[in-house]
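Read through the structure below, which is laid out as structure tokens, and then see the notes.
Read the figures in this text as sums done on the coordinates, not as results from a lab. This is a predicted model, so every value here is computed, not measured. All Cβ positions, glycine included, derive from the backbone under ideal geometry; neighbour counts span all protein chains shown.
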Amino acid sequence: MFENISTISDLLFLTTSYYGEKTAFSYLKDGKMCSVTYSDFSKQVTTVAKSLVLKGITNSKIAVASENSYECLLWCFAVPLSGNVLVILDNMATIQEKAYMVKHSDTACLIYSGFNQPFCDYITENNKSVVHTICIEADTENYLHCQSEVTLQKTDGSELSYIFYTSGTTGKPKGVMHSQINLLRTSLYFSYSIKVKDSIFLTLPLNHILPFANVVFLSMYSGCNLFISAGLKKLFMEMQEVRPYCTFLVPALLTYFDKMIYTKAQELMKTSSLDQLTARKQSCAQLLGGNLKIIVIGGAPLDLEIAKRMQALDILVLNGYGLTETCGSITVNPNEDNRLGSIGRINFNSEAKTIDGEFLFKNPYLFKGYYKDSKATEEAFHEEWFLSGDLGYIEDNYVFIVGRKKNLIVLPNGKNISPEELEIELLKIEEMKEVVVCLQNGKLTAKVFSEHDKMIIRKKINEINKKLASYKQIESVVFCDEEFPKTASSKIKRGEI
Amino acid sequence: MLTELIEMIKDTFSPTIEVTGETALKTDLALDSFEIINLIGILEDKYKIDINVMDIVSLITVDDICNFIANKKDTSLER
């Protein structure tokens, strides 16, 4: 059906032809369920794209800073369709971090949610290259009612259409460049492994490539109804209302589900004679809607015990793997042959091999390079193979990960952190003699060596935490009695702490 | 309000350490982000305020939450 898909325009045309009046997207607004059909979505995206062109916003970089919403998704489709380049900002990043991405990407237009008003004000004040601003809540309606005879540019889908910012090992985020064909074709091969139906529940933030491309496009290829969650605070209430068939999570969220099911089951068992498994099944059905059959996990290592507990509740837990550079999923466990412990089967259009234990991947849709950083782009490849930085082995076309080559920390919520970046901040504490940031028991931990008062250091770390994005905040402080072991060149040996 | 907040934290999370205004949610109480979001939900209901997930960034200690709620309540009264 979608074999030759190359552009967003193709996707809109084909999904309208196949699924026209079916619901494509839904969301809750003021407690009321709203839904948009494939046909209406296509019309709305096209109108907004034409409005952009009519306003003279063409061949520009357009940044989006927003929490997930239907309107945000609408813009994410309209921008590339209008021939502009979409720069996707991490909504949870600090104002300074987002401002860096806007400047680095040469953004000329900023689309922002009301929540990002202070960020927009900061940009208007400090970045004169940004000449247009569009507030999602206030302005989308105007763009939807714009009558215009504009013709949109035809494209073959291979030009630059997206820039995603990811954590670099040196701390400064890198802009990963992609085309429409990259995202569409990679997600198509992903959809050959994951068989879904009915409704998919979207809770992961759209600034990540997995939800942005893999989840949204999988849902559209499969003719599903993608429910866009309003955020974690209303997660369970929404799941009970929507009763999704499938959802995509990071391991940290799966752990949260597991904890909630456990707590609810304990309560049930206090007031009934249910055995543990039945109590867990009932709790799970109550919390997650009772129709959930598939959870796809990506972004960070999966806890196998939790996966097994979920599978005992008749929910298939499929682990996948991918990077922004590989357009998200390059391996995933298919429904019909799920192998827990593996990050999945290599997608049909991709090849993988290891050199000195490190995975190298190859397919026709790898990223186009890092924006304005040809040196980093060159370093990311070995001939036409992408160097993943992850270590492991391949068995029967299934991939198994054992660790990471670089120091980058992958948190259970899927965020990547450069420990050096945080260590530089922490070393600004006068009393701090040595510090190493690492992941311990799933928490971002600062291991500290200092002869000074521990309380003072704790307080100062709390102060530093206030200036960091929430996912970069130190979660645990461990004091060590001795200096850290070092190499001959006085570098701390991370592996030995 | 501080005493009330401390009691609420004790009831919800049964911490093993003594909780004061200076106690940090992450580094002292070992709460993860979802537990903090859960706490925010309880606070929203109790104090009839709206807390944005992004505000959590600056809520490091129990005192921070206390000041935050006090400010929020003042602002909503002004309106």
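Table for the structure above
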{"item": "Rel. contact order, % - alpha carbon contacts under 8 angstrom, at least six apart, the stretch A:199-404", "result": "15"}
{"item": "Amide H within-cut-off set for residue A:390, under 5 Å, with H built and near neighbours excluded", "result": "A:359, A:405"}
{"item": "Cα-based reach from residue A:259 at 19 Å (exclusive), listing lysines while leaving out same-chain residues under 8 positions away", "result": "A:233, A:234, A:270, A:281, A:293, A:308, A:443, B:10, B:26"}
{"item": "Listed residues A:429, A:469, A:495: farthest to the positive end of the dipole of the stretch A:418-496 (Cβ charges)", "result": "A:469"}
{"item": "Longest segment of chain A lacking chymotrypsin sites (Phe, Trp or Tyr not before Pro) that sit in a DSSP loop with at most 16 other Cβ atoms within 10 Å", "result": "A:1-191"}
{"item": "Chain A, relative contact order [Cα under 8 Å, separation at least 6], %", "result": "12"}
{"item": "Label-point separation in nm, residue A:276 to residue A:137, each point 7 Å along Cα→Cβ", "result": "4.6"}
{"item": "Low-density loop positions, GluC sites (Glu not before Pro), the stretch A:331-424 - DSSP coil, at most 13 other Cβ in 10 Å", "result": "A:383, A:384"}
{"item": "Ranked A:139, B:50, criterion: other C-beta atoms within 10 Å, fewest first", "result": "B:50, A:139"}
{"item": "Computed lengthening from residue A:453 to residue A:124, 0.36 nm per intervening residue step minus Cα-Cα distance", "result": "114.1 nm"}
{"item": "Extension gain (nm, one decimal) between residue A:172 and residue A:494, 0.36 nm per residue minus Cα-Cα", "result": "113.8 nm"}
{"item": "Most positive-pole-ward Cα, A:109, B:27, B:41, against dipole of the protein assembly as shown from beta carbon charges", "result": "A:109"}
{"item": "Cβ charges +1 (Lys, Arg) and -1 (Asp, Glu), total dipole of chain A, debye", "result": "560"}
{"item": "Charge sum, other residues only, whose C-beta stays under 10 Å from residue A:160's C-beta, Lys/Arg counted +1 and Asp/Glu -1", "result": "+1"}
{"item": "Model label zone, residue A:431; criterion: amide N under 11 Å from point 7 Å along Cα-to-beta-carbon; scope the stretch A:458-497", "result": "A:458-461"}
{"item": "Magnitude of the charge dipole, the stretch B:2-78, Cβ model with Lys/Arg +1 and Asp/Glu -1, debye to 20", "result": "100"}
{"item": "MRE, 222 nm, helices only [DSSP H, n ≥ 4, -39500 (n - 2.57), over chain A, to nearest 500]", "result": "-10000 deg cm²/dmol"}
{"item": "Spacing of the two label points (7 Å from each Cα toward its C-beta) at residue A:3 and residue A:478, in nm", "result": "5.4"}
{"item": "FRET efficiency, 1/(1 + (r/R0)^6) with R0 56 Å, evaluated for residue A:192 and residue B:50 via beta carbons", "result": "0.80"}
{"item": "Trypsin sites (Lys or Arg not before Pro) lying in DSSP loop within the stretch A:171-238, provided at most 14 other Cβ fall within 10 Å", "result": "A:195, A:197"}
{"item": "Sparse-neighbourhood loop sites, GluC sites (Glu not before Pro) in the stretch A:1-110 - DSSP loop, at most 10 other Cβ within 10 angstrom", "result": "A:3, A:21"}
{"item": "Length-normalised contact order for chain B - Cα pairs under 8 Å, 6+ apart - percent", "result": "36"}
{"item": "Using alpha-carbon coordinates, inclination of helix B:2-13 to the longest axis of chain B, degrees", "result": "50"}
{"item": "Test item: Cα-centred dipole of the stretch A:199-404, Lys/Arg +1 and Asp/Glu -1 on Cβ, debye", "result": "900"}
{"item": "Sorted by Cβ neighbour density within 10 Å, fewest at the top, the residues B:27, B:12, A:47", "result": "B:12, A:47, B:27"}
{"item": "R0 of 22 Å, Cβ-Cβ distance residue A:373-residue A:100: FRET efficiency to nearest 0.05", "result": "0.95"}
